[in-house]
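One structure is given here, and the rest of the page talks about it.
The values are calculated or read from the model by the stated rules, or taken from the named source; none is laboratory data. Small disclaimer: the values here were computed from a predicted structure and weren't measured. FYI the Cβ positions are ideal-geometry reconstructions off the backbone, even for glycines, and counts take in every protein chain you see. The protein model used for the area step is the full one, side chains on, heavy atoms only, and it has no ligands, DNA or RNA in it. Shrake-Rupley method; radii C 1.70, N 1.55, O 1.52, S 1.80 Å.
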Amino acid sequence: MCGIVGYVGVKEATPVLINGLKKLEYRGYDSAGIAVLSKDDNEILVKKSKGALKFLVERITDQVVKQSKQKDLVLAEKENEENLQALIARTPEFVSGNVGIGHTRWATHGEPSDVNSHPQTNVSGTIAVVHNGIIENYAKLKAFLQEQGIVFKSQTDTEVVAHLINYFYEKTNDLFKAVLETLHRLEGSYALGVVSKNYPDRVIAARKESPLIVGLGKDENFIASDVPAVLEYTRDVYYLEQKELAVLYQDHVDLFNYEGEKIHREPTHVEWDLSSAEKGGFAHFMLKEIHEQPKALTDTMRPRLVFDGNKPVDINFEEIDFGNAWKTARRVVITACGTAYHAGVVAKYAFEKFARISVDVDVASEFRYRNPILNSDDIFIVISQSGETADTLAALRLAKAAGARVIAITNCVGSTVSREADNVIYTWAGPEIAVASTKAYTTQLMCLYMLALKTGRLRETLSDRDYKNALKELSQIPDKAEEIIKNQTEIQKFASKQFNKEKIFYIGRQFDSASSLESALKLKEVSYMHCEAFSAGELKHGPIALVDPNTLVVAIATQPDLYQKLASNIVEVKSRGAATMAITQDKSNAFAACCDTVINIPETDSAIASILSIIPAQLFAYYCAILKGLDPDKPRNLAKSVTVE
């Protein structure tokens, strides 16, 4: 959630900050702002605005926009660094300076407004702060500061931080010590960027729970919530660890722990291609990332398959030591949130089928607040696309405290989950910019299927023949995913007829029941249509009372031995006026007579078909959003990385 950027260097800071915030829009936000140290007098100049980033740009360039004969062109084109740089010479109102911080805010404390937007400042405006996360003890700190005579302007928890830093600065006359004293008194999660009029050559950053990176350039350095914000300038970054600070100057960066001691660490070189974080000709990132799934699946799978000629014969996870513990384990425990949780539900079926081992799947936010039973011989798996999901991290730490060995599946190298887990399996999906996850989900499934198959072979619950047959089927999944994407016209047509339905139900059995959960979530996330998912056998236990002509029922059917039962369920809802669609690999026409539309996916082993069956559901969700005039990349109220509870 939210986005932080910061800059110190030889360039004008404002265009760099706006450019970085633009790259972080996918995280979700409802207001934006910047604070820049003026070149002339070192005053902190703050500009902020409720709403989209373009409104902040308009406010910054207000004079030239008003005077321009091409107002619409100015507003449309001044959101990139090159054009903003040119504006500096054209208006004295421009926020001009070489050091600054910026923020896109998603409201937690106080409604979205100009006043509640970040940056927040102290009373005199000599210190400015941007903040991601939640200060849990802000009310107590606010009461203390009000006793000192401080008058608050906003409803935010962040303003407390600015005033508290100023309080300690007046006592120490040292900004770094003031920040450190403040950090020791903050409870909760935060990533912070701080600038001060009295220290015009630096930006101070700190991190606890919420992610923050430092970008290292030539004669310039950066902070950001995520790598895409700095890729245009550098690929060398520090990933700040828990309870670490960074002090950024034009020519160097110093890292410290919370005791104020210097830390020495080699930077990480990011291998992403900048173009992979751009739309590349697609109308939206979501559609681009759906189309990227065949490649992402290949990148995740191929390095881990062992081939004998052209035939896959084994799986090799170099990241994991498959010792005796995997053979003797009595249980697999999987915990995650949202889309990653749904991947875990699919994995439950896969592990139980291939490895004949009991699996418990838990929503991380529930797991952390009960007293879970953990055994020393459990295999504990956490799944998180960002590697920064707050509840998943809490579950990971709870498991480690109980002595469990934790395996993490994540897409982000250097993320907190990847650093704290005992073993890490990266999905290699590449940057996923759209808030609604697509390729991260299918690559998570790929990793989980491979883990389940490998575990089954180690435990000798899979014969060598069945193991190699499954590997062959798995190796063909990327090509079959490509085939689905190339033949999406029928899905688009169906969406054009059904996007105005009042109620949508996804149903399925076994693996397909698990896939229905993610299918329904995708539709809810991007189209805002009311959608539910449940096991098809539960229809008669209540849900069928909701079915009427304003209902669409989508059946996922990839389990051949259950086709007839699912067809009977479809007939039940069809007779009550519902529109129906089946996503299936059936070639016997079992659903042709009872469904308005049948989306056929390429045939594969029914146990691994969940990787394919989700793709039509992703496309259906995308097209429904487009037809309703919505932006599928930035769903309302949602953020890419949920770093608070």
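Right, residue 559: open to solvent by 10 Å² or more (accessible area, probe 1.4 Å) and out of contact with any Asp or Glu (no Cβ under 7 Å at 6 or more places or on another chain) or not?
Numbers: open to solvent by 10 Å² or more (accessible area, probe 1.4 Å): yes; out of contact with any Asp or Glu (no Cβ under 7 Å at 6 or more places or on another chain): no.
So residue 559 does not fit the description; no.
Of everything in the range 122-140, what is out of contact with any Asp or Glu (no Cβ under 6 Å at 6 or more places or on another chain) and surrounded by fewer than 21 Cβ atoms within 10 Å (Cβ to Cβ)? Give them in sequence order.
Listed by number, the residues that qualify are 123, 124, 125, 126, 139, 140.
Somewhere in the range 266-286, is a residue without any contact (Cβ under 8 Å) to a residue 24 or more places away in the chain, out of contact with any Gly (no Cβ under 8 Å at 6 or more places or on another chain) and of a type in the set (Ser, Thr, Tyr)?
yes
Enumerate the pairs (first residue in the range 368-388 and touching a residue at least 40 places away in the same chain (Cβ under 8 Å); second residue anywhere and open to solvent by 60 Å² or more (accessible area, probe 1.4 Å) and of a type outside the set (Lys, Arg)) with beta-carbon separation below 8 Å, excluding pairs fewer than 6 apart on the same chain, so at least 6 apart or on different chains.
Partner pairs satisfying both residue conditions: 374/402; 377/325; 377/328; 379/325.
Which of the residues that make up the range 314-330 are open to solvent by 40 Å² or more (accessible area, probe 1.4 Å), outside any helix (DSSP H, G or I) and in contact with a strand residue (DSSP E or B) (Cβ under 9 Å, 6 or more places away or on another chain)?
Correct list: 314, 316, 319, 321, 330.
So that you can scan it fast, the table gives a plain yes or no per residue for (1) in a strand (DSSP E or B); (2) open to solvent by less than 60 Å² (accessible area, probe 1.4 Å); (3) out of contact with any Leu (no Cβ under 6 Å at 6 or more places or on another chain); (4) not aliphatic (A, V, I, L, M):
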residue: 554; (1), (2), (3), (4): yes, yes, yes, no
residue: 565; (1), (2), (3), (4): no, no, yes, yes
residue: 570; (1), (2), (3), (4): no, yes, yes, no
residue: 573; (1), (2), (3), (4): no, yes, yes, no
residue: 577; (1), (2), (3), (4): no, yes, yes, yes
residue: 593; (1), (2), (3), (4): no, no, yes, no
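Give the residues of the range 17-53 that are under 12 Å from residue 95 (Cα atoms) and part of a helix (DSSP H, G or I), sorted by residue number. Steps first, please.
First, the residues of the range 17-53 that are under 12 Å from residue 95 (Cα atoms): 17-18, 33-40, 42-48.
Those that are under 12 Å from residue 95 (Cα atoms) and part of a helix (DSSP H, G or I): 17, 18.
Name the residue, out of 44, 101, that is more than 22 Å from residue 190 (Cα to Cα), β-branched (Val, Ile, Thr), buried (at least 16 other Cβ atoms within 10 Å of the Cβ) and modelled with pLDDT of 90 or more. Please lay out each step first, then the result.
On the way: 101 fails: more than 22 Å from residue 190 (Cα to Cα).
Sole residue among the options that is more than 22 Å from residue 190 (Cα to Cα), β-branched (Val, Ile, Thr), buried (at least 16 other Cβ atoms within 10 Å of the Cβ) and modelled with pLDDT of 90 or more: 44.
In the range 448-461, which residue that is hydroxyl-bearing (Ser, Thr, Tyr) and over 27 Å from the mean Cα position of the chain (by Cα) is most open to solvent (accessible area, probe 1.4 Å)? So that I can check it myself, show each step before the final result.
The first filter runs over the range 448-461 and keeps only residues hydroxyl-bearing (Ser, Thr, Tyr), leaving 449, 455, 461.
If we keep only those that are over 27 Å from the mean Cα position of the chain (by Cα) as well, we get 455, 461.
Working: 455: 0, 461: 59 Å².
In this case the residue turns out to be 461.
If only one of 545, 514 is open to solvent by 40 Å² or more (accessible area, probe 1.4 Å) and among the small types (Gly, Ala, Ser), which one is it? I'd like the intermediate steps shown before the answer.
Details: 514 fails: open to solvent by 40 Å² or more (accessible area, probe 1.4 Å).
The conditions single out 545.
Is at least one residue of the range 279-291 crowded, with 16+ Cβ neighbours inside 10 Å, modelled with pLDDT under 90, under 19 Å from the mean Cα position of the chain (by Cα) and in a strand (DSSP E or B)?
Looking through the range 279-291, none of the residues is crowded, with 16+ Cβ neighbours inside 10 Å, modelled with pLDDT under 90, under 19 Å from the mean Cα position of the chain (by Cα) and in a strand (DSSP E or B).
Can you spot a residue in the range 528-537 that is more than 26 Å from residue 626 (Cβ to Cβ), surrounded by fewer than 22 Cβ atoms within 10 Å (Cβ to Cβ) and small (Gly, Ala, Ser)?
So the first thing to find is which residues in the range 528-537 are more than 26 Å from residue 626 (Cβ to Cβ), and the list is 534-537.
Within this subset, residues satisfying the condition of being surrounded by fewer than 22 Cβ atoms within 10 Å (Cβ to Cβ) are 534-535, 537.
Imposing the further condition that a residue be small (Gly, Ala, Ser) reduces the set to 535, 537.
Yes.
Tell me whether the range 237-251 contains one or more residues that are assigned to a strand (DSSP E or B), under 18 Å from residue 20 (Cα atoms) and open to solvent by 20 Å² or more (accessible area, probe 1.4 Å). Quick ask: steps written out before the conclusion?
Initially, the range 237-251 is screened for residues assigned to a strand (DSSP E or B), giving 237-239, 244-248.
Remaining after also requiring under 18 Å from residue 20 (Cα atoms): 237-239, 248.
Within this subset, residues satisfying the condition of being open to solvent by 20 Å² or more (accessible area, probe 1.4 Å) are 238-239.
Yes, that holds for at least one residue.
If I filter the range 394-417 for residues that are among the hydrophobic types (A, V, I, L, M, F, W, C) and free of Cβ contacts under 8 Å to residues at least 24 places away in the same chain, do I get at least one hit?
Yes, some residue in the range 394-417 is among the hydrophobic types (A, V, I, L, M, F, W, C) and free of Cβ contacts under 8 Å to residues at least 24 places away in the same chain.
If residue 233 meets every condition in (1) part of a loop (DSSP other than H, G, I, E, B); (2) out of contact with any strand residue (DSSP E or B) (no Cβ under 9 Å at 6 or more places or on another chain) apart from one, which number is that one?
Checking residue 233 against (1) part of a loop (DSSP other than H, G, I, E, B); (2) out of contact with any strand residue (DSSP E or B) (no Cβ under 9 Å at 6 or more places or on another chain), the one that fails is (2).
Just checking, does the range 185-197 include any residue being under 22 Å from residue 251 (Cβ atoms), among the β-branched types (Val, Ile, Thr) and assigned to a loop (DSSP other than H, G, I, E, B)? So that I can check it myself, show each step before the final result.
At the first step, the residues of the range 185-197 found to be under 22 Å from residue 251 (Cβ atoms) are 193-197.
From the residues that got through so far, the ones that are among the β-branched types (Val, Ile, Thr) too are 194-195.
Next, only the ones that are assigned to a loop (DSSP other than H, G, I, E, B) stay: none.
Looking through the range 185-197, none of the residues is under 22 Å from residue 251 (Cβ atoms), among the β-branched types (Val, Ile, Thr) and assigned to a loop (DSSP other than H, G, I, E, B).
Of the residues 209, 187, 181, only one is surrounded by fewer than 23 Cβ atoms within 10 Å (Cβ to Cβ), touching a Phe, Trp or Tyr at 6+ places or on another chain (Cβ under 8 Å) and farther than 26 Å from residue 236 by Cβ; which? Step through it out loud before you land on a result.
Values: 209 fails: farther than 26 Å from residue 236 by Cβ; 187 fails: touching a Phe, Trp or Tyr at 6+ places or on another chain (Cβ under 8 Å).
The conditions single out 181.
Of all residues being surrounded by fewer than 24 Cβ atoms within 10 Å (Cβ to Cβ) and over 18 Å from the mean Cα position of the chain (by Cα) in the range 422-447, which is nearest to residue 375 (Cα to Cα)? Just the residue, please.
My answer is 422.
List the residue pairs whose Cβ atoms are under 7 Å apart, where the first residue sits in the range 554-581 and is of a type in the set (Lys, Arg), the second is buried (at least 17 other Cβ atoms within 10 Å of the Cβ), and the two are 6 or more positions apart or on different chains.
565/509; 574/580; 574/594; 576/547
Are any residues in the range 141-178 closer than 25 Å to residue 256 by Cα, part of a helix (DSSP H, G or I), open to solvent by 10 Å² or more (accessible area, probe 1.4 Å) and among the acidic types (Asp, Glu), and if so, which ones?
The one that is closer than 25 Å to residue 256 by Cα, part of a helix (DSSP H, G or I), open to solvent by 10 Å² or more (accessible area, probe 1.4 Å) and among the acidic types (Asp, Glu): 170.
What number of residues within the range 120-150 satisfy the criterion of being under 34 Å from the mean Cα position of the chain (by Cα), under 23 Å from residue 99 (Cα atoms) and of a type in the set (A, V, I, L, M)?
Result for the range 120-150: 4.
Would you pick out the residues in the range 462-497 that are among the β-branched types (Val, Ile, Thr) and open to solvent by less than 60 Å² (accessible area, probe 1.4 Å)? Show your work before the answer.
First pass over the range 462-497, keeping only residues among the β-branched types (Val, Ile, Thr): 477, 484-485, 489, 491.
Selection gives 477, 484, 485, 491.
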